[in-house]
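Remarks on the structure that follows.
The values are calculated or read from the model by the stated rules, or taken from the named source; none is laboratory data. Worth saying up front: this structure is predicted, and the values here are computed from it rather than measured. No Cβ is skipped: glycine too gets one built from the backbone with ideal geometry, and neighbour counts run over all protein chains shown. Each accessible area value is taken on the protein alone, full model and side chains, heavy atoms only, with ligands, DNA and RNA left out. Shrake-Rupley method; radii C 1.70, N 1.55, O 1.52, S 1.80 Å.
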Amino acid sequence: MKKLGLFLLMINFLLTNACNNTVQKSARVMPEGQTPKNIILLIGDGMGLAQVSTSFYFNDEKSNFLRFKEIGLHQNTPIGAKITDSAAGATAFSAGVKSYNGAIGVDQDTQAVETILEILSQKGLSTGVVSTSSITHATPASFYAHVRSRRMQEQIARELMDSDVDFFAGGGIKFFNKRKDGEDLIKGLELKGFTVDTAKLAKRGMSINNKYAFLLGQDYMPKMEDGRGDFLPKATNLALDYLSQDPKGFFLMVEGSQIDWGGHANDANYIIEEMKDFDKTIGEALDFAKKDGNTLVVVTADHETGGFALSSAKVRKQDDYRGLAPTFSTGGHTAALIPVFAYGPGSERFKGIYQNQEIFGKMLAGDGAAN
Ligand code: MG
Ligand code: ZN
């Protein structure tokens, strides 16, 4: 048995090496097969295919979604339910596990699971998180915190302060300085080496030797219709300017948080304006990736919200196909499969239909060039 084992081990060794050679050879021809140096994950919360489609019907500019060649679909069923929330949805991406609704970076037994941000940070990469909600909200939190419930935003703020995140921008000041325990975590962030700004985004010229925190709203950021302006594309651009100084590479998560809120409110214009902003932000990421040549960009959503449909206009209760009058089927989330758009080295892994937690492995997989 021992001899057979050794024999198999040798065969395995030979095969592995043979494969490695092939991978490396073909990798030179097809750089898409490699592990990217940098990863940018953009999550449009609540962004189903109809939400994406608004970029093609309501946007004056050419949609940045057109720049993707590799497209797939994911199924997002959580543990213990048919429909996912944003916490279980983001934890699937961040930690590669299915969990229950409300779970932040923990598995179904509430055990902490290492996230992609933590794994890559430990490898020496720089990391960033940007969102238009509070930075302690379910989606961003799932990348750096480990708590049993998304409602624990004050605890999540503490975990962000102690986390591996080097750059963050979003809302949520009150979870840092108007806390039940009376502590001032803005000071705490500064003690941990963050340069904190609660008024505005920095200009360029940040140093990779420092950490940066931009907390620009008491809770969430204003919606586009209320004058958020170019916060999201600008913060993304700033994050890229900062993170790309790291010779080892970076991981950046950017969330268009309020596409979901437009869906909950059954407000088509809210969705359309948030999608325009998110589209522009995707453009920033793709421009960077194109220039850099070694950056994987993945755009997806945790789930669809609103049962949103680009329905036809009505004339005297009759369908009038000449016009659009979007409709909703629910004020909550739906179970629709969700599109995944990928660009850059490793993007071919995102083709096909798969489970949401597989996105974690697809981002980290490859021939090990960056390991
Ligand atoms: Mg969210
Ligand atoms: Zn939602």
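Here are some notes:
- Flag if Phe167 is of a type in the set (Phe, Trp, Tyr) and under 19 Å from the mean Cα position of the chain (by Cα): yes
- Within the stretch 33-52, the residues that satisfy the criterion of being more than 16 Å from ligand 1 (Cβ to nearest atom) and either crowded, with 24+ Cβ neighbours inside 10 Å or farther than 19 Å from Thr295 by Cα (or both) are Pro36, Asn38, Ile39, Ile40, Leu49, Ala50, Val52.
- Among the residues of the stretch 44-96, those that are out of contact with any helix residue (DSSP H, G or I) (no Cβ under 6 Å at 6 or more places or on another chain) and acidic (Asp, Glu) comprise Asp60, Glu61, Asp85.
- Filtering the stretch 20-58 to residues that are at pLDDT 90 or above and out of contact with any strand residue (DSSP E or B) (no Cβ under 8 Å at 6 or more places or on another chain) leaves Ser53, Thr54, Ser55, Phe56, Phe58.
Quick grid of which residues meet (1) in contact with a His (Cβ under 9 Å, 6 or more places away or on another chain); (2) within 16 Å of ligand 2 (Cβ to nearest atom):
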residue	(1), (2)
Ala92	yes, yes
Asn101	no, yes
His146	no, no
Leu185	no, no
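- Scope the stretch 239-252; condition open to solvent by 10 Å² or more (accessible area, probe 1.4 Å) and not polar (S, T, N, Q); matching residues: Asp241, Asp246, Pro247, Lys248
- Residue match in the stretch 331-345 (condition: polar (S, T, N, Q) and either closer than 17 Å to Ala90 by Cβ or within 16 Å of ligand 2 (Cβ to nearest atom) (or both)): yes
- In the set (1) open to solvent by 20 Å² or more (accessible area, probe 1.4 Å); (2) closer than 15 Å to Gly46 by Cβ, Met275 fails one condition alone, (1).
- Yes/no for Phe58 being within 16 Å of ligand 1 (Cβ to nearest atom), among the aromatic types (Phe, Trp, Tyr) and out of contact with any Asp or Glu (no Cβ under 7 Å at 6 or more places or on another chain): no
- Put simply, of Leu117, Leu66 the only residue that is hydrophobic (A, V, I, L, M, F, W, C) and without any contact (Cβ under 8 Å) to a residue 12 or more places away in the chain is Leu66.
- Residue match in the stretch 193-211 (condition: among the aliphatic types (A, V, I, L, M), in a helix (DSSP H, G or I) and closer than 30 Å to His303 by Cβ): no
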